[in-house]
Amino acid sequence: MFIKIPSATNLGLETIGVDVEVNIASRGLPVFEIVGLPGKAIGESRERVKTAIVNSGFDFPARRIIVNLAPADLPKEGSFYDLPIATGIISQVLNVGLPKDSLFFGELSLDGNLRHTKGALLLAMFAKERGFKNVFVPRQSANEAAIIKDINVYPVDNLCQLFNHLLKKSELKPFKYQPNFQDKKTTEPEFDMKEILGQEQAKRAIEIAASGGHNIFMVGSPGSGKTMLARALPDILPPLSEKEALEVTKIYSAAGQIPAEGSLLDFCPFRAPHHSISQVGLIGGGVIPKPGEISLAHRGVLFLDEFSEFPRSVLEALRQPLEEGYLTISRSRNRITYPARFILVASSNPCPCGYLYHPKKRCVCTEREIKKYQKKISGPILDRIDLQVEVPVVDVKDLSQHQKAEDFLEPSEKIKQRVIKAREIQRERFKKEKIFTNAEMKNNHIKKYCALSLEARRILNQAVSSFDLSARAYFKMIKISRTIADLEGEGEIKAEHMAEALQYRLKNTQEG
């Protein structure tokens, strides 16, 4: 007896169809084998499937059972083949037909129940693209799969429930999507902009970064407020569009970071890895390539505190993602591309002791130590960061005055409204393009959408010759001034917009 059950496998964010072929021979010694380049998790599914079938009250045939995962030359990993394998065996024992245009996907427990399984969203997207009408998944993964419309997602608790449905003893009803992502922030923001005393220039730079999707690098002594500024940024970002939210949720689904009963991730991610992170952890990869922190920060914020303490090899690996907005991981058997369009927020001390620019505390570092510390961040990396600002220490005597004026400081919500208006201008501007923000513009977009006044162009050309800016920095100045103009609601980039953009280049920036 032979049966073929449609399923799928995920390679990065790409889903490939896999046919689970189950053959139960009428002759031969009892054996249960899985072929078709299965990984370790699939090889172990033999015991899971057999025990789950028996514990569910079904007979496990004492015959020669061969399961082939086709195409046989494609390496396969994961535990989601448990359900299609078990379904193929039981359907032949009970002689029950399986519904056409249906996909089966899920991991089994030893008692026959189904566990939450990563990648359900990718499977549902594949099912819709290939014309499948029905998807059978674990109940805890059903809400994730139901994000995709126009397919029937059947939530399955256990094998008995599934076959009662197939035998028409009791009917499973398609699951209705419920937007209830468990990681969604429902509490007050971690930091409100009005709680950050002083630092008006840095707060303005943060607003510009949020409005245009620009990267920002902050340098300042310990306690100057760099971390507060970075952690206040996500709460002034606009909500994700439906397309952006789907992009982000796909990545989290592939990484297995959508919780049970989770749904669409409709808020901007914020990732803040420790400086001891490995290159694979930040960029992604591994024997079975998985998305790293930069991909998990897609359409959100990647905060790298103590930027100079990260290994140089890790920082240099950021070059392509910062420039291109995606990352390609190549292996001998496959090549996987992950999106990585994020706002990089980096912060660092100016020297090893941190007090180089402190108005009162004396720096104890030698000139050689300072140069060595600052050279940990290479020129090409700095050149890819749009906004570079110094964050000075706020004098303790001034804090009481700032606290008295806190009620008059702008809260995050008010700044957020300006950011949303600027983003709406950009969405309208780029509606016929494949980009969303000013930071994503290429040279052809700059020529098309960035009209400079004569005075603005004169200021820019003078800055290029005076500060020896690279070609990349030249175009970044135009992008930043475009964002500043959008915040002001201006169509043309004027001299004051360009002058402000040029302020956000550190004096010690290494160009090139």
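Brief remarks on what is shown
- Helices (runs of 4 or more DSSP H) lying entirely in region 403-474 (those with 2 or more residues that are assigned by TED's automatic domain parsing to the domain that holds Gly491 and under 18 Å from Asp386 (Cα atoms)): 443-449, 454-467
- Verdict on Glu496 being more than 27 Å from Ser378 (Cβ to Cβ), surrounded by fewer than 17 Cβ atoms within 10 Å (Cβ to Cβ) and acidic (Asp, Glu): no
- Hits in region 352-369 - residues which are surrounded by 13 or more Cβ atoms within 10 Å (Cβ to Cβ) and closer than 18 Å to Val391 by Cα: Pro352, Cys353, Gly354, Tyr355, Leu356, Tyr357, His358, Lys361, Cys363
- For the residues Lys176, Lys118, Lys149, the requirement of being surrounded by fewer than 16 Cβ atoms within 10 Å (Cβ to Cβ) and assigned by TED's automatic domain parsing to the domain that holds Ala41 singles out Lys149.
- Looking at region 2-59, the strands (runs of 3 or more DSSP E) lying wholly inside it that each contain 2 or more residues that are surrounded by fewer than 16 Cβ atoms within 10 Å (Cβ to Cβ) and either at positive phi or not aromatic (Phe, Trp, Tyr) (or both) sit at 14-25, 31-35.
- Count of region 256-277 residues which are among the hydrophobic types (A, V, I, L, M, F, W, C) and closer than 11 Å to His298 by Cβ: 2
- All positions within region 346-377 that are in contact (Cβ under 8 Å) with a residue 40 or more places away in the chain and either in a loop (DSSP other than H, G, I, E, B) or outside the structural domain of Pro273 (by TED's automatic domain parsing) (or both): Asn349, Pro350, Gly354, Tyr355, Leu356, Tyr357, His358, Lys361, Lys376, Ile377
- Residue in region 37-44 that is in the same structural domain as Asn152 (by TED's automatic domain parsing), hydrophobic (A, V, I, L, M, F, W, C) and in contact (Cβ under 8 Å) with a residue 40 or more places away in the chain present: no
- Any hit, region 276-298, residues being among the basic types (Lys, Arg) and free of Cβ contacts under 8 Å to residues at least 24 places away in the same chain: no
- When residues of region 465-483 are limited to those that are within 35 Å of the chain's Cα centre (by Cα) and free of Cβ contacts under 8 Å to residues at least 60 places away in the same chain, the one farthest from Phe430 (Cα to Cα): Leu469
- Test: residue in region 67-86 that is under 26 Å from Lys243 (Cβ atoms), polar (S, T, N, Q) and not in a loop (DSSP other than H, G, I, E, B): no
- Segments classed as strands (runs of 3 or more DSSP E), wholly inside region 87-174, with at least 1 members that are touching a residue at least 24 places away in the same chain (Cβ under 8 Å) and farther than 27 Å from Ile65 by Cβ: 152-156
The values are calculated or read from the model by the stated rules, or taken from the named source; none is laboratory data. Given the structure is predicted, the values throughout are model-derived calculations rather than measurements. No Cβ is skipped: glycine too gets one built from the backbone with ideal geometry, and neighbour counts run over all protein chains shown.
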